[in-house]
Amino acid sequence: MNKYKILFLLFVTILALQQLKAQTSKSPVAFVNGLMFTDQKAGITKYVELQKTIAREFQPKQDELKNMQTEYESLRKQVQNNPTAPDAQRKVDKAEQINKDINNKSQDFQSQYNRRYQELLQPLQLKMNLQLKQWCAQKGFVAIIDVSKNPDGMLVWVDEDSINNLTTELIRHLNATL
């Protein structure tokens, strides 16, 4: 999309927001920083706990993959350092097999991880969406823009302190109601 189309869309959006503001007494838009949701100390507690639960659950599989990768690298170095050794071909074959196993297990791991993450996250997301709608109604917002999704691509200037303060307030509300 060229910059003139982007500027036009921004102009139309601003006009629409001004019109909405004129029609209601609500502040139409809240800017938040979604990266703060996952902060270990100040984030959404249940979300952070969910991430920790999944990390603990999948740690053994990550360790297994890491050990396989270490063994693969060791075999590769042994063959590199002594390619004419009598057992060099056996080591090459073993390294290739380990590499295939790593790829297969990585794909399986990612699939299991994504499935489990969704399984645990979906109920929390439903609760968060309900609370988000209630919070917006309380505050008079009709839209929330998460500036963390693409901060470099946004064509608006915003006060980061205000965004972080508002995000902190939203996190407190979500923590209290989830």
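The values are calculated or read from the model by the stated rules, or taken from the named source; none is laboratory data. This structure is a prediction, so every number in the text was calculated from the model and none was measured. With ideal geometry, Cβ positions are generated from the backbone for all residues, glycine too; neighbour counts draw on all protein chains shown.
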Review point. Taking segment 1-56 as the search range and keeping residues that are at pLDDT 70 or above and among the basic types (K, R), which one is nearest to Q125 (Cα to Cα)?
Key: K46
Check your understanding: For residues in segment 144-178 being more than 21 Å from the chain's Cα centre (by Cα) and among the aliphatic types (A, V, I, L, M), which is modelled with the lowest pLDDT?
Key -> L155
Review point. Somewhere in segment 66-86, is a residue over 30 Å from T177 (Cβ atoms) and modelled with pLDDT under 80?
Key: no
Practice item. Return the pairs, sorted by first residue and then second, in which the second residue is outside any loop (DSSP other than H, G, I, E, B) and surrounded by 16 or more Cβ atoms within 10 Å (Cβ to Cβ), the first residue lies in segment 130-146 and is free of Cβ contacts under 8 Å to residues at least 12 places away in the same chain and small (G, A, S), the beta carbons are less than 8 Å apart, and the residues are 6+ apart or on different chains. Key: none
